[in-house]
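The values are calculated or read from the model by the stated rules, or taken from the named source; none is laboratory data. What you are looking at is a predicted structure, and each value in this text was computed from that prediction instead of being measured. Reconstructed Cβ throughout: ideal geometry from the backbone, glycine too, with neighbour counts over all protein chains shown. The accessibility values were calculated without ligands, DNA or RNA, using every heavy atom of the protein model including side chains. Shrake-Rupley method; radii C 1.70, N 1.55, O 1.52, S 1.80 Å.
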Amino acid sequence: MQKQDIAHLAQEAKKSIQSAKTAAELEALRVRFIGRKDGEVTKLMKQLPALSVEDRRTVGPALNALKNEVEQLLTARVKDLADEADRRQAIDVTMPGKKVATGHLHPLTLVEREIRDVFKAMNFSVVEGPEVESEHYNFDALNIPANHPARDMWDTFWLATSDKRQATSKKNNMSHVADRLLLRTHTSPVQIRYMEQHQPPFQIVVPGRVFRYEATDASHEINFYQVEGLMVGKDVTLANFKFVIGEFFKRLFKKDVSIRLRPSYFPFVEPGLDVDVECVKCGGKGCNICKDSGWLEVMGAGMVHPHVFEAAGYGPHEYQGFAFGLGLERIAMIKYNIPDIRLFYSGDLRFIKQF
Amino acid sequence: MKFSFSLIKRIAPGSYGKEELVERLNLHSFEAVDLGGDVLEIAVTPNRFADAASHIGIAREAAAIFNLPFSDPAEKAPKYAYRDQGVFRVNIKNSKLCRRYMAAYVDGVSVKKTPEWMKGVLESCGLRSINAVVDIMNYVMLEVGQPLHAFDAEKVSGGLTVRNAKKGEKIETIDNQKFTLDSDVLVIADADKPLAIAGIKGGKSSEVTLGTKHLLVEAAHFDSTHIYATSRRLGLQTDASARFAHALSPALVERGMNRALQLLQEIVGAKAHRPADDYPRPQSKEILPFSATAMQRLLGEHVTADGAARLLKKLGFAIRGKKIEVPLVRTDVSDVEDIAEEVARMKGYAALTAQPPHVALGVASEDELIEFKDQIRDFLTGVGYSETYNYSLVAESDCSRSPAIIRSRDGKVIHLANPMSAEIAVLRDSLAAGLVKNLKSNKRFFDAVRVFEIGHVFQELQGKVSEKTVLGMAIAAPEGFFEVKGIVDMLLKRLGVTDYTLAPFDNADGYLKPLGALTIEIGRKSVGYIGSLASLEGGLMELDLGMLLAETDEEREYAPIAKYPAIERDLSFLVDQSVRVGEILALMQGAGVHLVEDVDLVDWYQDEKLGDHMKSLTFRIVFRADDRTLTDAEVDKEMAAITKAVVDKFDVELR
């Protein structure tokens, strides 16, 4: 056995391994060269004992080196082939991402949550009330007597039910029959309900669904949402209202929007106010959203009327505070640029899935 | 309410323009809009009709805002041609509904043309010119705020009586409508017949015509709630009734009469007698404490007595030391808050400095149900469901169709007393109708539709309104029922409901397939249902959130993560298809073995080869011990016990 033969075999192995194209070919080459039984290198190794001591000393290490080299070449080639295959089958990372189906919250839920969060950050608690109300809570206790034109501000759905609730007026400490039931026209009845159960100081917001007997159009619906606010204490002032509501709108619209208070009238407050915010679209310059006025009317408010405190069972002039109410749809329409209130109740997922 | 800008300016002369007036009224008084030309639309609030639903009232506001002189045209008493009141009497029979009745006998009238300036004002305010006498009555109403009426005196027999109508009495009004009255209606009558429906509309019989020579001019004050209710009951709403329905002041009566007699003299050459004035209980002056401190306390900013007094005087208030006298026409002012409002709005709310409130720190909280609803919304959107809001008002045919689980079978649908249309005539008793509609309307645009809603549902139960907060969820997709069932399981666990059962019930109602429904029960109470939809391929679920909230337990406790491996074994068999998987699962779980961690159905099928009534089921049973690695022998023993239980109970063919 000549050194040349070994060198020749090494060359042969190297050549065939490099040119192999598949894992199967490589396995065949492994068997051919270093297979346990009939590998060419193995066979040569088996002949070693027949060699002279001197030859064994040189040929032995050479064969071992050859065997190691073949193993390394095979391993390297296997890896190369695998890499090549991976490259050929590589994913096209420029393809669009997979669309995983997720659900969407209704835009009114989103806006309600934002509003709740802003008020919670200012230490307001959040409470709710029933949608079916008595005439007492919806009107009388809020200083809106029957047969008064002020009632015309709230077109009402009345219920045809035999449920006659006995409303107790704490003011006169007598039970009187303000018993007709209706779908609440505003969230303000919860003011009375809450005050009957709690003593000031407190501050709450009340989100909820309300109803109006009104023909529907792009800005009117038979049901819609309000958020009522009420803060009462010994010394809660109108200036406090201006602060709280200014902060609220800044946080809600995430800009330094100005607010404007104008005189208005709601029977359950005195003084009564309308609140405008600077148009968030045009920044007050005038646009189609604000009808070129630069302002958006977003809220009714005022200092709680003494009659309301009395109806809730507080002593006259014992406490003072402010109340306000805003329409959730109106805020959502401004925030998201939604043109028609009826979209909120369409159940159309092409609308809802945008939020 | 429409106003003439030129008339306002005549009463409160100054250099201000229309645009400026509109802007300042908005900031200090009322919402106002320029309608072009001479016309302003001013939204006089219901509490201010007595003083401000008039040109004099708006001019007074303007004069106060711009700090201008103000000349009140209704203050001057007219010149009377006669010292007496003439040959008629006035008699108020119902002084509760009529606090003041003034009437003046006027002769020498020649009904001429209305002067152009007056026609212009009427036109700006949307009134048609009729004849000089009627126009003067209307003009005074616009200028002073007091509705007036003129009778042709020759068509009146005897005096004027303010009384309730006799049942069955008839009247034809000026606009030729005929009414048969009942005793709840207040009328102005002569000796024979009703001449006018008080405060609402004059009668045909005593109408002023071009030939009228003698007038009886009426100015009166009627009870506002009576006028409000009566005009609605009769379906007769007029300019006069709209004004009388608000709390006007009896003081306006005299002002209106003065102004009317002045103008009648000037324009139609009338000679007036002194008016008769029946005013049994004159309006008393409202005197309130005047305190800068009290105003400051409410408004939260510095108020000086002098500054406040200066603003209030311009509005006609009189300050006497520590008291303030309210003008009679300010029927809206009765308390310190009202005075503070006058000061604040005249200063302008822009001048008010925002002040952070001083509050004791309390814990802000949310109603439990609110947090609960939030949790549910977040979970359901996370698993692919979108939220819809449907109407609370539905058609009657949308009710009484959902399974009688949350809805009571004994409950009644609640109808509106004044429905707008049949489609929205009743209160929904379930969320199902809305959700099923959502599925159908969205199916055109999406392969699978997944929706949920949280809302209130209503029923009348034993004479009481029951209002519940309900979660509804619906899916239109293959295997939708099982998806909903799986999600209910995950949702309940997420909400901390650990122990609930699902029980099949035979549903005979509208939305679901027969034998296609389960009730969700917690401790023997049904809190909701899951069903397979009948009208399309999909599932439906409703849960009573109020009941559910009462059953949840938010406290969670950590359970150690398993240290030892689990061993899984499958058990396959054929069984009659009437046998329900739920029963088999229950049996396996309760077969008296302790090492079962979980049992799940991993495969089922039915085909012809299995024969008519058989189905093939494969269950995977997971065994684990928390203190050791199980041996095959142990698991074999457990498996044998489970298999025996199944074989004993059901007629199965093991595979």
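Extending 7 Å from Cα along the Cβ direction at B:R128 and again at B:T180 yields two label points whose distance is 2.9 nm.
A simple spin-label model places the labels of B:S408 and B:E172 5.8 nm from each other, with each point 7 Å out along Cα-to-Cβ. Taking every protein chain into account, the 1.4 Å probe leaves A:R184 with about 0 Å² of accessible area, to the nearest ten.
List, in the order given, every pair from B:K76/B:K119; B:K113/B:K204; A:K234/B:K347; B:K155/B:K271; A:K234/B:K314; B:K563/B:K637 whose Cα-Cα distance in the structure shown is over 28 Å. Exceeds cut-off: A:K234/B:K314.
The modelled label-to-label distance between B:Q589 and B:A633, using points 7 Å beyond Cα along the C-beta direction, is 3.2 nm.
Just to check, using Stokes-Einstein with a Kirkwood Rh over alpha carbon pairs, what's the diffusion coefficient of the stretch B:518-565 at 4 °C and 1.567 mPa s in µm²/s? Taking Rh from Cα pairs, D becomes 94 µm²/s. Seen against the Cα atoms of chain B and their longest principal axis, helix B:480-494 is set at about 80 degrees. Pairwise Cα separations in the protein assembly as shown fall into 10 Å bins from 0 onward with the following percentages, short to long: 2, 9, 14, 16, 14, 12, 9, 7, 5, 4, 3, 2, 1, 1, 1, 0, 0.
Each principal axis of the Cα atoms in the stretch A:202-257 has its own extent, and those three values, largest first, are 41, 30, 16 angstrom. Over every Cα atom in the stretch A:1-129, the radius of gyration and the widest Cα-Cα span, Dmax, amount to 33.9, 106 Å. Counting only DSSP H runs of at least 4 residues, each contributing -39500 (n - 2.57), and dividing by the residue count of chain B, the helix-based mean residue ellipticity at 222 nm comes to -9000 deg cm²/dmol.
Please work out the Kirkwood hydrodynamic radius for the stretch A:212-355, using every pair of different C-alpha atoms, and report it in angstroms with one decimal place. It works out to 16.8 Å. A viscosity of 0.692 mPa s and a temperature of 37 °C, combined with the Kirkwood radius over C-alpha pairs in the Stokes-Einstein formula, give the stretch B:368-551 a diffusion coefficient of 199 µm²/s. Mind checking which aspartates and glutamates have their Cα closer than 16 Å to the Cα of B:K323? Skip sequence neighbours fewer than 8 apart in that chain. The qualifying aspartates and glutamates are B:E286, B:D306, B:D335, B:E337, B:D338, B:E342. I'd like the carbon and sulfur percentage of the solvent accessible area for the protein assembly as shown, probe radius 1.4 Å, heavy atoms only, ligands and nucleic acids excluded. Within the protein assembly as shown, the accessible surface is 50 percent carbon and sulfur. When every alpha-carbon pair in chain B is counted, what percent end up more than 48 Å apart? Every Cα pair in chain B considered, those over 48 Å come to 48 percent. The length gained by stretching the chain between A:E84 and A:D5 to full extension, at 0.36 nm per residue less their Cα-Cα distance, is 25.1 nm. As a ratio to 2.2 N^0.38 Å, the alpha-carbon radius of gyration for the stretch B:286-349 is 0.97. Across chain B, Cα pairs under 8 Å and at least six residues apart give a relative contact order of 10 percent.
Dividing the Cα radius of gyration by the Kirkwood radius, what Rg/Rh value follows for the stretch A:246-308?
Details: Rg = 13.3 Å, Rh = 12.4 Å.
On the Cα set of the stretch A:246-308, Rg over Rh gives 1.07.
For A:L9, the accessible area of its heavy atoms, probed at 1.4 Å with every protein chain present, is near 20 square angstrom. Sorted largest first by accessible area at a 1.4 angstrom probe radius, with every protein chain in place, the residues A:W158, A:W295, B:W117, B:W604 fall in the order B:W604, B:W117, A:W295, A:W158. Pairs of Cα atoms nearer than 8 Å and 6+ residues apart set the relative contact order; for the stretch B:567-654 it is 43 percent. Each DSSP beta bridge with both residues in the protein assembly as shown is either parallel or antiparallel, and the antiparallel ones are about 95%. In summary, the lysines within cross-link reach of B:K615, defined as a Cα separation below 20 angstrom excluding same-chain residues under 8 places away, comprise B:K644, B:K649.
Every Cα-Cα pair of the stretch B:567-654 was included, and the share exceeding 21 Å stands at 30 percent. Calculated [222 nm] ellipticity per residue, helices only, for chain A: -12000 deg cm²/dmol; basis is -39500 (n - 2.57) per DSSP H run with n ≥ 4, divided by all residues, nearest 500.
What percent do you get for the relative contact order of the stretch A:299-344 when only Cα pairs under 8 Å and 6+ apart count? Normalised by residue count, the contact order of the stretch A:299-344 is 37 percent. Cross-link partners for B:K525 among the lysines, with Cα-Cα distance under 16 Å and sequence neighbours closer than 8 places in the same chain left out: B:K468. Grab the other residues whose beta carbon is less than 12 angstrom from that of B:H358, score K and R as +1, D and E as -1, and report the net. Result for the local shell: 0.
Starting from the exponent 0.38 and prefactor 2.2 Å, build the expected Rg for chain A from its residue count and divide its actual Cα Rg by it.
2.04
What number comes out for the charge environment of B:A641, summing +1 per Lys or Arg and -1 per Asp or Glu over other residues with Cβ under 14 Å away?
Charge balance in the 14 Å sphere: 0.
Ranked by solvent-accessible area (1.4 Å probe, protein heavy atoms only, all chains present), the residues A:T216, B:T293, A:T187 order from largest to smallest as B:T293, A:T216, A:T187. Rounded to the nearest whole angstrom, the semi-axes of the ellipsoid equivalent to the stretch B:90-278, taken from the Cα gyration tensor as √(5λ), stand at 24, 18, 16, largest first.
More than 18 angstrom separation, counting every C-alpha pair in the stretch B:327-398; what % is that?
Roughly 74 percent, rounded to a whole number.
Here is the list for the stretch B:492-572: GluC sites (Glu not before Pro) lying in DSSP coil, each with at most 11 other C-beta atoms within 10 angstrom of its C-beta, are B:E554, B:E555, B:E557. From the cross-link list A:K98/B:K373; A:K3/A:K37; A:K291/B:K18; A:K255/B:K18, which pairs have alpha carbons spaced over 27 Å apart? A:K98/B:K373; A:K255/B:K18, as the Cα separations exceed 27 Å there.
For the residues B:V383, B:V329, B:V359, B:V187, a 1.4 Å probe over the protein chains yields an accessible-area ranking, largest first, of B:V359, B:V383, B:V329, B:V187.
Here is the interface size for B with A: some 7100 Å² of accessible area buried, both sides summed, with a 1.4 Å probe.
Given R0 = 56 Å, the distance between the Cβ atoms of B:D447 and A:K14 translates into a calculated FRET efficiency of 0.45.
Would you work out if the stretch B:2-66 is rounded, prolate or oblate? Take a ≥ b ≥ c from the square roots of the eigenvalues of the alpha-carbon gyration tensor; rounded if a/c is under 1.5, else prolate when a/b is larger than b/c, oblate otherwise.
Rounded, since a/c falls under 1.5.
Loop-resident trypsin sites (Lys or Arg not before Pro) (DSSP state other than H, G, I, E or B) in the stretch B:110-180 with no more than 10 further Cβ atoms inside 10 Å of their Cβ: B:R128.
Report, in degrees rounded to the nearest 10, the 0 to 90 angle that the Cα long axis of helix B:18-28 makes with the longest principal axis of chain B. Long axis of B:18-28 versus the principal axis of chain B: about 60 degrees. Using a 4.7 Å Cβ-Cβ cutoff, the cysteines of the protein assembly as shown lacking any partner cysteine are B:C98, B:C125, B:C399. B:L369 contributes an accessible area of around 40 Å² to the protein surface, as traced by a 1.4 Å probe with all chains present. The angle separating the long axis of helix A:53-88 from the principal Cα axis of greatest extent in chain A is about 30 degrees. Here is the list for the stretch B:1-99: trypsin sites (Lys or Arg not before Pro) lying in DSSP coil, each with at most 12 other C-beta atoms within 10 angstrom of its C-beta, are B:K76, B:K79, B:R83, B:K93, B:K96.
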